[in-house]
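Okay, structure first, notes after.
The values are calculated or read from the model by the stated rules, or taken from the named source; none is laboratory data. Predicted model only: the values in this text are computed from it and were never measured. No Cβ is skipped: glycine too gets one built from the backbone with ideal geometry, and neighbour counts run over all protein chains shown.
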Amino acid sequence: MASLFDPIQLGDIALENRVAMAPLTRNRSPKAVPNNLNVVYYEQRATAGLIITEGTPVTQQGQGYADVPGLYLPQAIEGWKKVTDAVHQRGGKIITQMWHVGRISHTSLQPNDGAPVAPSALPANGKTYIINPDGSGAFVETSEPRALELSEIAGIVDDFRKGARAAIDAGFDGVEIHGANGYLIDQFLKTGANQRTDEYGGSIENRARLLLEIVEAVAGEIGGGRTGLRLSPVTPANNITEEDPQPLFDYVAGELGKRDLAFIHVIEGATGGPRDFTQGGKPFDYHAMKAAYRAAGGKGAWMVNNGYDGESAKAAIESGYADVVAFGRSFIANPDLVERLKTGATLNAPEVATFYGGGAKGYTDYPTLEAVAAE
Ligand SMILES: C=C(C(=O)O)c1ccccc1
């Protein structure tokens with residue numbers, strides 16, 4: 001029976017333990033370039049079995065929030081090299097989450113102040129975070145999106161392929177494709193945001209087409225053994241809705257099972273909220289989704305996330321349901337989370353007020369057990 005602290009092979013990536021750091025947006029990389037403070041933050045958390053970086057847009061069009069790091073500027077790749085070197089020197093493993101926000105953006109963040117793009121011209125009626133000309137930060141309404149032309153879609157698929165190559169050039173051990181939380185790929189998957197009438201809309205097969213094309217392009221570029229994918233079947237994040245998630249995600253899981261991937265990362269319930277959240281009026285069966293993946297030949301690790309603590313994480317691994325458990329807020333506040341879970345030590349409480357934006361406070365100043373003992 002496996003334990004949360006046993007090593008595991010995630011495709012081509014060997015992990016020391018099964019505790020992953022979930023992707024966490026922190027808005028601390030001005031001009032989309034990773035900086036030395038980011039290096040310290042990730043290095044501090046290198047004892048994670050796997051670090052998944054914050055969402056990292058593959059293009060400026062894919063950027064939806066101020067001060068998030070990208071994969072599309074040469075100086076950003078140089079910045080990421082410092083991060084990956086530091087984590088590797090501590091013996092850690094790190095991948096980046098490749099992101100396209102779709103409609104969750106604002107004209108001020110878009111190329112030529114243009115409209116954000118989406119499967120259909122349906123606004124998210126949500127909020128995003130921008131930096132005003134005077135340097136002050138502000139949450140604003142997301143801008144009205146425009147529907148992507150059919151002729152534009154191949155270019156977005158290629159942007160993910162190029163992003164994956166850039167990630168490997170920056171020293172990452174692999175990538176996670178961000179297919180969750182109401183961003184572009186999730187917008188195409190779900191009926192609440194996708195009302196296209198071409199081959200990317202309507203049927204489940206058509207709505208899953210973009211996701212599968214991106215998976216194939218990325219795995220084709222860097223190898224499936226260094227490619228993972230994050231999905232969120234029922235989340236309401238960014239006002240995304242789906243009228244019948246089970247058949248959609250059983251189909252997606254079955255199609256992914258036919259492709260070589262290192263892992264599938266599933267957010268259970270509402271992101272950062274209730275695990276029993278549902279859409280379409282009935283409970284979602286995550287075990288059925290995993291069974292569809294394995295039945296189709298899927299050999300990638302099964303990573304789970306959302307509201308896990310030490311005990312429920314250990315149970316999920318020891319039962320054989322999950323192979324890896326990803327922790328978000330706990331890693332914000334506990335750089336040495338693995339040690340704390342192993343020893344049953346009390347966890348630092350995360351300070352929500354400093355989650356997004358700012359500097360070292362609430363980012364690199366959380367104490368480790370070692371630091372407290374040395375006081
Ligand atoms: C990348 C995010 C996600 O996946 O939900 C995100 C973005 C902004 C704030 C919190 C989370």
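Quick notes
- Any hit, the range 277-290, residues being touching a residue at least 40 places away in the same chain (Cβ under 8 Å) and within 22 Å of Leu50 (Cβ to Cβ): yes
- Matching residues in the range 70-98 - criterion: being away from the ligand (no atom under 16 Å from the Cβ) and among the hydroxyl-bearing types (Ser, Thr, Tyr): Tyr72, Thr84
- Test result for Ala296, under 21 Å from Gly269 (Cα atoms), away from the ligand (no atom under 16 Å from the Cβ) and in contact (Cβ under 8 Å) with a residue 24 or more places away in the chain: no
- Flag for Ala301 being modelled with pLDDT of 95 or more and surrounded by fewer than 20 Cβ atoms within 10 Å (Cβ to Cβ): no
- The range 263-291: number of residues that are surrounded by 19 or more Cβ atoms within 10 Å (Cβ to Cβ) and in contact with an Asp or Glu (Cβ under 7 Å, 6 or more places away or on another chain): 5
- Checked against (1) within 15 Å of the ligand (Cβ to nearest atom); (2) on the phi > 0 side of the Ramachandran plot, Val101 passes all but condition (2).
- Flag: Val68 does not match the condition of being touching a residue at least 60 places away in the same chain (Cβ under 8 Å) and either under 25 Å from Val352 (Cβ atoms) or under 17 Å from the mean Cα position of the chain (by Cα) (or both).
- Filtering Val252, Val266 for residues that are within 16 Å of the ligand (Cβ to nearest atom), among the hydrophobic types (A, V, I, L, M, F, W, C), at pLDDT 95 or above and under 19 Å from Gly182 (Cβ atoms) leaves a single hit, Val266.
- Tabulated pairs, the range 230-241, first within 9 Å of Gly182 (Cβ to Cβ), second of a type in the set (Asp, Glu) and buried (at least 24 other Cβ atoms within 10 Å of the Cβ), C-beta under 7 angstrom, 6+ apart or interchain: Ser232/Asp186; Ile240/Asp186
- Residue within the range 363-371 that is within 30 Å of Pro247 (Cα to Cα) and among the charged types (D, E, K, R) present: no
- Wholly enclosed helices (runs of 4 or more DSSP H) of the range 283-369 bearing at least 2 residues among the hydroxyl-bearing types (Ser, Thr, Tyr): 286-295
- Filter result for the condition that a residue is closer than 29 Å to Pro350 by Cα, at pLDDT 95 or above, touching a strand residue (DSSP E or B) at 6+ places or on another chain (Cβ under 9 Å) and not in a helix (DSSP H, G or I), over Thr278, Thr235: Thr235
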